[in-house]
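Below is one structure, written out as structure tokens; the observations come after it.
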Amino acid sequence: MYIATIGFFDGVHRGHQCLIAQLRRRAMEMGLESMVVTFRNHPREVLQPDFSPLLLTLSSEKEHLLHGTGVDRVVMLSFTRELAEMSARDFMQMLHETYEVSAIVMGYDHRFGNDGGTFEDYVARGAETGVRVFLADELEDEKVSSRLVRQCIGEGDVAQAARLMGRPYGVNALVEHGQAIGRQLGFPTANLIWPQHQLMPKRGVYAVDALLDDGSRWRGMLNIGHRPTIDSNVRTTTEVHLLDFQGNLYGRQIHVDFLRRLRDERQFESREALAEQLKCDAEMARR
């Protein structure tokens with residue numbers, strides 16, 4: 001039998017980690033296994049068909065991070081119209097009958113089911129289905145939310161986002177062919193195909209850590225922007241230069257963690273001036 005917690009868990013940030021730690025402690029006390037129930041797609045995509053989410057973690061990365069918390073099982077559900085129309089009682093009964101859930105730990109500000117209600121209402125509905133319901137404590141030192149993390153990333157404050165998440169904000173991306181302009185400047189770059197539904201940090205230059213598909217790690221600097229000194233692209237590009245790396249990255253998968261924002265993207269008077277600035281950026285990234 002399982003004790004579960006339920007949520008979308010975008011970013012698996014420190015607030016989520018606090019909730020899951022309480023879930024695991026309660027599981028040990030009750031002699032149950034721990035389970036996280038989450039969703040592959042954002043509920044608002046079903047409730048508001050014109051909504052296009054910008055997520056902190058795509059479903060595969062979220063599942064990986066949730067497993068990394070030490071829970072015994074992660075259940076990924078597809079959020080459907082039928083699920084949206086379920087009452088809290090019916091949802092708990094489904095978890096009880098399908099996934100052997102006998103208890104639930106609710107986040108202090110979380111609600112599920114189409115009928116809402118108070119915590120006491122959830123306790124009463126759970127009693128009808130054989131599911132005990134417990135309320136988790138709030139993270140003690142500060143309030144952490146996915147919305148707040150998104151705000152930090154949108155403003156380029158990736159250092160603050162990392163503090164709220166408990167790890168750097170990262171992206172998994174495929175390397176595509178570019179115009180090799182960085183190589184001409186002495187700083188060859190890998191052009192990243194940014195995932196469609198993942199939130200992109202504010203335009204600018206960042207110090208990053210990169211993990212390649214062969215397991216090697218590299219410090220680097222990454223630019224998000226329109227390359228105004230080169231060709232003033234209308235399309236936003238993401239280009240990363242790995243310090244001291246030599247080799248071909250085309251077609252390879254790369255994971256990039258954002259460490260710190262170094263500066264705004266800006267237009268330089270010449271390519272030579274840009275190359276000099278890139279040297280300064282590289283030194284800052286290396287430090």
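Taking a ≥ b ≥ c as the square roots of the eigenvalues of the Cα gyration tensor, the chain is prolate, since a/c reaches 1.5 or more and a/b is larger than b/c.
If R₀ is 45 angstrom, what is the calculated FRET efficiency for the pair residue 84 and residue 243, using the beta carbon separation as r and rounding to 0.05? Working shown, then result.
Details: r = 48 Å, r/R0 = 1.06.
Computed FRET efficiency for residue 84 and residue 243: 0.40.
Close amide H partners of residue 39, meaning residues 5 or more places away or on another chain with modelled amide H under 5 Å apart, are 77. Estimate the FRET efficiency between residue 77 and residue 51 by the formula 1/(1 + (r/R0)^6), using the beta-carbon distance for r and 25 Å for R0, to the nearest 0.05. According to the calculation, E is roughly 0.85.
Mind ranking 152-163, 121-132 by how tightly packed they are, going by the mean number of other C-beta atoms within 10 angstrom, highest first? Before the final figure, lay out each step's value.
Numbers: 152-163: 19.0, 121-132: 17.2.
Highest-to-lowest ranking by the protection proxy: 152-163, 121-132.
Between the amide H of residue 259 and those of 207, 208, 209, distances stay under 5 Å, these residues lying 5 or more places away or on another chain, with hydrogens modeled in the peptide plane. Considering helices alone, the calculated mean residue ellipticity of the chain at 222 nm is -9500 deg cm²/dmol, with DSSP H runs of length four and up weighted by -39500 (n - 2.57) and normalised per residue. The H on the amide N of residue 268, modeled in the peptide plane, is under 5 Å from the matching H of 229, each at least 5 residues off or on a different chain.
For the stretch 48-119, which trypsin sites (Lys or Arg not before Pro) are in a loop by DSSP, counting at most 14 other Cβ atoms within 10 Å? Sites meeting the loop and neighbour criteria: none at all. DSSP assigns beta bridges within the chain; of those with both partners inside it, close to 65 percent run antiparallel.
R0 = 35 Å: FRET efficiency of residue 276 with residue 214, Cβ-based, nearest 0.05? Please report the intermediate quantities before stating the final value.
Details: r = 32 Å, r/R0 = 0.93.
Approximately 0.60, to the nearest 0.05.
In the context of the full set of protein chains, residues of the chain present 49 Å² of accessible surface per residue (probe radius 1.4 Å, heavy atoms only).
Test of understanding: what is the full-extension gain from residue 120 to residue 151, defined as 0.36 nm times their sequence separation minus their Cα-Cα distance? Don't jump to the answer; show the numbers that get you there.
Numbers: separation 31, 0.36 × 31 = 11.16 nm, distance 3.29 nm.
Computed gain between residue 120 and residue 151 is 7.9 nm.
Contact order, relative form, for the chain: 17 percent (alpha carbon pairs under 8 Å, 6 or more residues apart, mean separation divided by residue count).
Where the alpha-carbon atoms of the stretch 116-172 are placed on the principal axes, they occupy 47, 28, 18 Å, in descending order. Apply the a/c threshold of 1.5 to the C-alpha gyration tensor of the stretch 1-131 and tell me whether it is rounded, prolate or oblate. Taking the square roots of the gyration eigenvalues as a ≥ b ≥ c, the stretch 1-131 is oblate.
Report the charge-dipole magnitude of the stretch 20-83 in Debye, nearest 20, computed about the Cα centre from +1 at each Lys and Arg Cβ and -1 at each Asp and Glu Cβ.
Once rounded to the nearest 20, the dipole reads 140 debye.
Rounded to whole numbers, the Karplus 3J(HN,Hα) couplings from phi for the stretch 143-152 are 8, 10, 9, 4, 4, 5, 4, 4, 4, 4 Hz, using 6.51 cos²θ - 1.76 cosθ + 1.60 with θ = phi - 60°, and x at Gly and Pro.
Surface composition of the chain: carbon and sulfur make up 48 percent of the accessible area, probe 1.4 Å. Converting phi to 3J(HN,Hα) with the Karplus coefficients 6.51, -1.76 and 1.60 and the offset θ = phi - 60°, the stretch 31-37 yields x, 10, 8, 9, 9, 10, 9 Hz in sequence order, with x at every glycine or proline.
The values are calculated or read from the model by the stated rules, or taken from the named source; none is laboratory data. Model, not experiment: these values are computed from the prediction. All Cβ positions, even for glycine, are placed from backbone atoms using ideal geometry, and neighbour counts span all protein chains on display. Surface accessibility is based on the protein's heavy atoms, side chains included, excluding ligands, DNA and RNA. Shrake-Rupley method; radii C 1.70, N 1.55, O 1.52, S 1.80 Å.
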